[in-house]
Amino acid sequence: MKLGIALGGGGARGLAHIGVLKSFQNHGIPISQISGTSIGAFVGGLYAVFRDASKVEDFIYDFVGKEDFVELNLDAFDPAPNDKQGYLKTFLNTAYKNLSIFRSWRHQSMLSNEQVEKIFSFYPNDNIEDLAINTGIDFAAVTTDLISGRETILSSGSLRQAVLASSSIPGIFPPIKMLGTLMCDGGVADLVPVYVSRSRGAQLVVAVDVTKSLNEQEDLSNGLKIIDRAQTILSYQLSRERLAGADIVIRPSSTRFSWASVRHMPEIIKSGEDAAEKIIPALKEMMR
């Protein structure tokens with residue numbers, strides 16, 4: 001039975017994918033195919049290289065601790081639940097966030113190409129087609145063609161470039177020039193790439209959905225927050241359609257966090273592991 005896993009987009013919430021992979025590995029469940037969108041491509045690509053969830057976890061802890069990543073100050077964008085900040089920190093974070101948004105009005109994104117290249121220079125740059133030979137995992141990253149609006153599946157060439165294209169959040173990361181067009185975050189077209197895994201030969205597909213929960217009470221006091229809420233609703237509704245094609249859906253409790261909640265990584269990873277443990281008996285039964 002060829003098992004495929006579709007790792008969805010959701011920013012820092014997708015760190016729960018690490019916990020899911022740890023659970024599968026601990027139970028000896030072999031993964032033959034990984035399709036990833038955005039953070040799902042980032043984590044899935046690392047697992048396709050290392051085939052070891054603990055190494056993926058170590059790599060990402062090291063990655064977010066590097067100076068170039070720390071300088072992004074994602075805490076400024078993180079209204080994480082039950083997190084009280086002092087007045088000064090709240091003021092500084094708000095000012096930083098507003099300056100970043102202003103930059104995206106005058107440029108293609110908040111971050112420059114140079115910043116993104118430095119951040120991603122640490123990511124493995126294997127050829128994707130070699131991964132199936134080296135680790136036995138077929139990998140595909142999902143991105144969105146900004147010109148045609150179509151979903152694009154990247155399953156050959158540079159792993160780093162594919163993951164960068166899949167992870168390029170519009171307005172925050174600059175679009176990636178490749179294949180004669182401009183690519184951005186795969187979540188714009190396919191938030192949980194269930195059908196990509198199916199199309200690449202997976203007989204059984206497990207989807208990991210880290211779409212933000214609609215149940216959380218949110219501050220809707222200004223236009224930007226209302227736009228963000230509307231985008232959350234749109235993403236949630238679109239992902240429901242994709243998830244209908246999965247055999248099993250895992251929904252970690254990390255969905256209550258924001259896309260920028262990197263500082264809550266231990267709790268988010270644990271939420272993925274806990275959620276995966278709940279479906280292990282059913283998955284083993286289906287794989288018989």
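Against the definition (part of a helix (DSSP H, G or I), surrounded by fewer than 23 Cβ atoms within 10 Å (Cβ to Cβ), at pLDDT 95 or above and of a type outside the set (Val, Ile, Thr)), how does Gln161 come out, yes or no? Against the criterion (part of a helix (DSSP H, G or I), surrounded by fewer than 23 Cβ atoms within 10 Å (Cβ to Cβ), at pLDDT 95 or above and of a type outside the set (Val, Ile, Thr)), Gln161 qualifies.
Considering only segment 25-52, state which residues are surrounded by fewer than 24 Cβ atoms within 10 Å (Cβ to Cβ) and either more than 22 Å from Met286 (Cα to Cα) or touching a strand residue (DSSP E or B) at 6+ places or on another chain (Cβ under 9 Å) (or both). Steps first, please.
So in segment 25-52, the residues surrounded by fewer than 24 Cβ atoms within 10 Å (Cβ to Cβ) come out as 25-32, 49-52.
Once the filter is applied, which keeps residues that are surrounded by fewer than 24 Cβ atoms within 10 Å (Cβ to Cβ) and either more than 22 Å from Met286 (Cα to Cα) or touching a strand residue (DSSP E or B) at 6+ places or on another chain (Cβ under 9 Å) (or both), segment 25-52 yields Ile29, Pro30, Ile31, Ser32, Val49, Phe50, Arg51, Asp52.
Criterion applied to Phe173, Phe139 was being out of contact with any Gly (no Cβ under 8 Å at 6 or more places or on another chain) and not hydroxyl-bearing (Ser, Thr, Tyr), and the one residue passing it is Phe173. Val210 falls short on exactly one of the conditions (1) modelled with pLDDT of 95 or more; (2) buried (at least 19 other Cβ atoms within 10 Å of the Cβ); (3) under 21 Å from Glu57 (Cβ atoms); (4) touching a strand residue (DSSP E or B) at 6+ places or on another chain (Cβ under 9 Å), and that condition is (1). Within segment 1-46, the set of residues being touching a helix residue (DSSP H, G or I) at 6+ places or on another chain (Cβ under 6 Å), in a helix (DSSP H, G or I) and among the polar types (S, T, N, Q) comprises Ser23, Gln25. Would you be able to tell me the number of residues in segment 1-52 that are of a type in the set (Lys, Arg) and under 30 Å from Arg229 (Cβ atoms)? Summing the residues that are of a type in the set (Lys, Arg) and under 30 Å from Arg229 (Cβ atoms) in segment 1-52 gives 1.
Each row is one residue, and each column tells you yes or no for (1) among the hydroxyl-bearing types (Ser, Thr, Tyr); (2) more than 21 Å from Phe24 (Cβ to Cβ).
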position: Ala162; (1), (2): no, yes
position: Ile169; (1), (2): no, yes
position: Pro175; (1), (2): no, yes
position: Leu179; (1), (2): no, yes
position: Leu182; (1), (2): no, yes
position: Gly187; (1), (2): no, yes
position: Pro193; (1), (2): no, no
position: Ser199; (1), (2): yes, yes
position: Val205; (1), (2): no, no
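If you check Ile250, Ile233, Ile268, Ile227 for being at pLDDT 75 or above, surrounded by fewer than 17 Cβ atoms within 10 Å (Cβ to Cβ) and within 30 Å of Gly171 (Cα to Cα), only one passes: Ile233.
When you go through Arg263, Arg198 one by one, which is the residue that is open to solvent by 50 Å² or more (accessible area, probe 1.4 Å), under 29 Å from Ser158 (Cβ atoms), touching a residue at least 12 places away in the same chain (Cβ under 8 Å) and assigned to a helix (DSSP H, G or I)? If you could, list the steps in order and put the result at the bottom.
Details: Arg263 fails: under 29 Å from Ser158 (Cβ atoms).
Answer to the check: Arg198.
So which of Ile169, Ile153, Ile137 is at pLDDT 95 or above and open to solvent by 20 Å² or more (accessible area, probe 1.4 Å)? After applying the criteria, what remains is Ile153.
Go through segment 236-245 and count every residue that is surrounded by 17 or more Cβ atoms within 10 Å (Cβ to Cβ) and farther than 16 Å from Ala16 by Cβ.
Let us first name the residues in segment 236-245 that are surrounded by 17 or more Cβ atoms within 10 Å (Cβ to Cβ), namely 238-239, 242-243.
Keeping just the survivors that are farther than 16 Å from Ala16 by Cβ gives 238, 242.
Counting residues in segment 236-245 that are surrounded by 17 or more Cβ atoms within 10 Å (Cβ to Cβ) and farther than 16 Å from Ala16 by Cβ gives 2.
The values are calculated or read from the model by the stated rules, or taken from the named source; none is laboratory data. Predicted model only: the values in this text are computed from it and were never measured. A quick note on method: Cβ atoms are made from the backbone with ideal geometry, for glycine too, and the neighbour counts reach across all protein chains shown. Each accessible area value is taken on the protein alone, full model and side chains, heavy atoms only, with ligands, DNA and RNA left out. Shrake-Rupley method; radii C 1.70, N 1.55, O 1.52, S 1.80 Å.
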